[in-house]
C-alpha cells in the first residue's frame, strides 16, 4: 500500500519541481523610464543583430587587411608516369654521320660516293625523364598594388562607422518605443486610481440613497440611475485593467524581457514631468540626427566605390618567390636519403595591364557617379524632412502643453463642482441627478486630462527625437 501511494505521489512531486524551476527562472525588474530604456538598448534583438553586423564588419576588415599582407602557400606533389611522354627531335645524328662519310670519300656498293640526303631532316622520337617524380616547396607572394584592395583598405574605418551609426539609429527607435510604452502604462495606472475613486464614491452614494429610500426621502429611480452609472464605471475599470495588462506586455516586448518576468515601474507621471528639461533648439545641427550621419557615411562609401572603379585603369602589380626541391626516381624511393633531391628557386614580378574590356569600366564609373548623386539628393531631401519634423514637433509639443494646462484646470474645476454639488445633496438642497451629472462631467474631465497628458508625453518624445537628443 505504501509503495502504491509513493508511485501515485510522483506526478505531483514532478509538477511542483517543474513549477519551482519555472518560478526561479522568472526575474523581477523595478525600473525607472531611463533604466527601462537602457535595458532595452542592451537586450532588444534588432540591436543585438546590428551589433553582430558590426563584429562581422570587423572580421571583414581583417580579411581585407590580409589581402595586402604576404601570402605563403606550400605545395607537395608526386607523379608516376606509366608511359614517359615522348618528344620528337630533329635528326641531328644522320647529318653528322653523312658529313664524315662524305669528307672521307666513302663509296657505296655501287662505287658512288655517299652524299648527304636532301630535304627535311627526319624526326627522332625521344623520351626524357624517369617514371617517378616528386616536388616539395612553397611560394611567397606580395601584392604591391591592386585597385579594389587598395580602396577597400581605405574604406575599412568608414564601413565600421556605418555599422555603428546603424546601431545608434536603431537605439533611437527603441528609446522612443520604450518611453511611449512606459508612460502609457503609467497613465493607465493613474487613470485606474481615479476610476477606483469614482467607483467608491458611487458605491457610497448608492448606500446613502438606499437609506433615504427606506425612510421615504428618495425614489427607486434615483437608486437605479446611480447603479447604472456605477456599473458603467466598473466596466470602464475592467477595460483599463485590460489596457494595463496589454501595456505591460507591450513594454516587456519593447525591452526584450520575457512575458513571465515581473516588471514594476518606479517613475511617477505628472504635467511637470512633461514640461521639465525642455532643451534649447538654438544649437541644433543636422549631424545631431543619426539618419544624417548614416547618409553622410553612405555618401563617403560611395565616393570610395567611385574611386575604386576609376583606379581599375591602373595595372595590378605583385611580386613572388618560389623555392622547391624535386626528386626524380626510376623506382618509388623518395625517402631514400642516399638519392639526391634537386633544388629549384626563382623570383619575379607579375603585372596585369588592363587594355580593353568592352567599355565595362566607363559603365561602372557612370553607375557609381549616379548612385552618389542619388545619395546627395536623398540627403538634401532629408534636411528638408528634418526641418519639417522639427517645426511640426515643436508646434505639436507647444499645443500639447497648452492643452494639458487647460485640461488640468478643467479637472480641478470639475472636482470642485462635484464636491459642491455633493455637499448640497448631503444637506438636502440638491438632487442625486445633479450629483450624477457632475460626476459624469468629472469623469469626462479626467478622461480629457489623461488624454492630454499622454499627448504631451508623446509630443515631448517626438520633439526631443526631432532634435536628435532623445536619451
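Hey, any hits in region 451-458 for a residue that's more than 30 Å from the chain's Cα centre (by Cα) and surrounded by fewer than 17 Cβ atoms within 10 Å (Cβ to Cβ)? Yes, because at least one residue in region 451-458 is more than 30 Å from the chain's Cα centre (by Cα) and surrounded by fewer than 17 Cβ atoms within 10 Å (Cβ to Cβ).
The residues of region 38-78 that are closer than 17 Å to residue 250 by Cα and touching a strand residue (DSSP E or B) at 6+ places or on another chain (Cβ under 9 Å), listed by number, are 38, 39. A single member of 88, 101 is modelled with pLDDT of 70 or more and more than 60 Å from the chain's Cα centre (by Cα), and it is 88. With respect to the conditions (1) crowded, with 16+ Cβ neighbours inside 10 Å; (2) modelled with pLDDT under 90; (3) under 30 Å from residue 284 (Cα atoms), residue 425 falls short on a single one, namely (3). Can you confirm whether residue 357 is in a loop (DSSP other than H, G, I, E, B) and over 18 Å from residue 136 (Cβ atoms)? When the stated conditions are applied, residue 357 passes them. None of 280, 222 is more than 18 Å from residue 451 (Cα to Cα), surrounded by 19 or more Cβ atoms within 10 Å (Cβ to Cβ) and at pLDDT below 85 except 222. For residue 463, the conditions (1) within 46 Å of the chain's Cα centre (by Cα); (2) surrounded by 14 or more Cβ atoms within 10 Å (Cβ to Cβ); (3) modelled with pLDDT under 90 all hold with the exception of (3).
The residues of region 162-186 that are surrounded by fewer than 20 Cβ atoms within 10 Å (Cβ to Cβ) and more than 19 Å from residue 289 (Cα to Cα) amount to a single one, 180.
On inspection, residue 251 fails the criterion of being surrounded by 16 or more Cβ atoms within 10 Å (Cβ to Cβ), free of Cβ contacts under 8 Å to residues at least 40 places away in the same chain and on the phi < 0 side of the Ramachandran plot. Residue 147 fulfils the conditions (1) at pLDDT 90 or above; (2) buried (at least 18 other Cβ atoms within 10 Å of the Cβ); (3) within 19 Å of residue 304 (Cα to Cα) except for a single criterion, (1). Scan region 154-175 and tell me whether some residue there is more than 23 Å from the chain's Cα centre (by Cα) and touching a residue at least 40 places away in the same chain (Cβ under 8 Å). Checked region 154-175: at least one residue is more than 23 Å from the chain's Cα centre (by Cα) and touching a residue at least 40 places away in the same chain (Cβ under 8 Å).
So that you can scan it fast, the table gives a plain yes or no per residue for (1) at pLDDT below 90; (2) assigned to a loop (DSSP other than H, G, I, E, B); (3) touching a helix residue (DSSP H, G or I) at 6+ places or on another chain (Cβ under 6 Å):
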position: 370; (1), (2), (3): no, no, no
position: 397; (1), (2), (3): no, no, yes
position: 404; (1), (2), (3): no, no, yes
position: 413; (1), (2), (3): no, no, no
position: 433; (1), (2), (3): yes, no, no
position: 436; (1), (2), (3): yes, no, yes
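Look at region 177-220 and say how many of its residues are in a helix (DSSP H, G or I) and out of contact with any helix residue (DSSP H, G or I) (no Cβ under 9 Å at 6 or more places or on another chain). Number satisfying all stated conditions: 7.
The values are calculated or read from the model by the stated rules, or taken from the named source; none is laboratory data. None of these values were measured; they are calculated from a predicted model. When we count neighbours, we look across all protein chains shown, and the Cβ atoms used for this are built from the backbone with ideal geometry, even at glycine.
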